[in-house]
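Below: one structure, written as structure tokens.
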Amino acid sequence: MARTLGADQAPALLLSGAPPALHLLLGAVRQRRIDGMDMFCTVLLAAAALASLIGGGTHALLCKDAVLSLVVGGWVLSTGFTHKPLAFQLGQRLHRGAAARARSRMWQDSAEFRRGLRILTLLWGAEQLLDGGFGTLAALTLPTDTVPLLARVQSLVLLTLAAVATAICTRRFRTRHGLPLFGTPATAT
């Protein structure tokens, strides 16, 4: 919206980070806890804002998206080793009420459920790190006219592979354990 009102990209990007940052601060003050998803959005938008301020030659500009993927990948991977990984937090955001409570019980009661969501978190973190690593390598070594198209194709291929792996993992998990990794648990319906 700030862009439609005439703001430059950097200020508009900084303003877009205000809602999740405010939600993060309010949650920290009211509930004395930090919401992982709000923190993720705030850090991602802050990194994007900082990257947009980077000057330099064409190689620096081409590295910008790759560096953001590296930041996202590092963040996602790091949540895989926390109390509740990003895959669990995303699943909770998709559900409300009884379904969210059932997922919380599954998280507490099922080591398989926790392991499955940690594996998916690590998978998606690795996908972002690979995307960022390959993107950085391409930006630094390939002709500048080649990099943007190659980066888009590479990102799409890695994203597709991660999505297919996620679908296979979730289907196998449901078959083996009778529990959905992302859908509504049967006990909540």
Please give the length that would be gained between Ile168 and Leu5 if that part of the chain were fully extended, namely 0.36 nm times their separation in residues minus their C-alpha to C-alpha distance (nm, one decimal).
54.2 nm
Spin-label proximity, His59 to segment 110-150 - amide N less than 19 Å from point 7 Å beyond Cα toward beta carbon
132-150
Any idea of the accessible area per residue across segment 137-189, 1.4 Å probe, to the nearest Å²?
68
Using only C-alpha positions, report the orientation-averaged shadow area of the convex hull of segment 70-189, nm², one decimal.
7.9
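The values are calculated or read from the model by the stated rules, or taken from the named source; none is laboratory data. These numbers were taken from a predicted model, which means no experiment stands behind them. Don't worry about glycine lacking a Cβ; one is built from the backbone with ideal geometry, like all the others, and counts go over all protein chains shown. Calculation scope for accessible area: heavy atoms of the full protein, side chains included, ligands and nucleic acids excluded. Shrake-Rupley method; radii C 1.70, N 1.55, O 1.52, S 1.80 Å.
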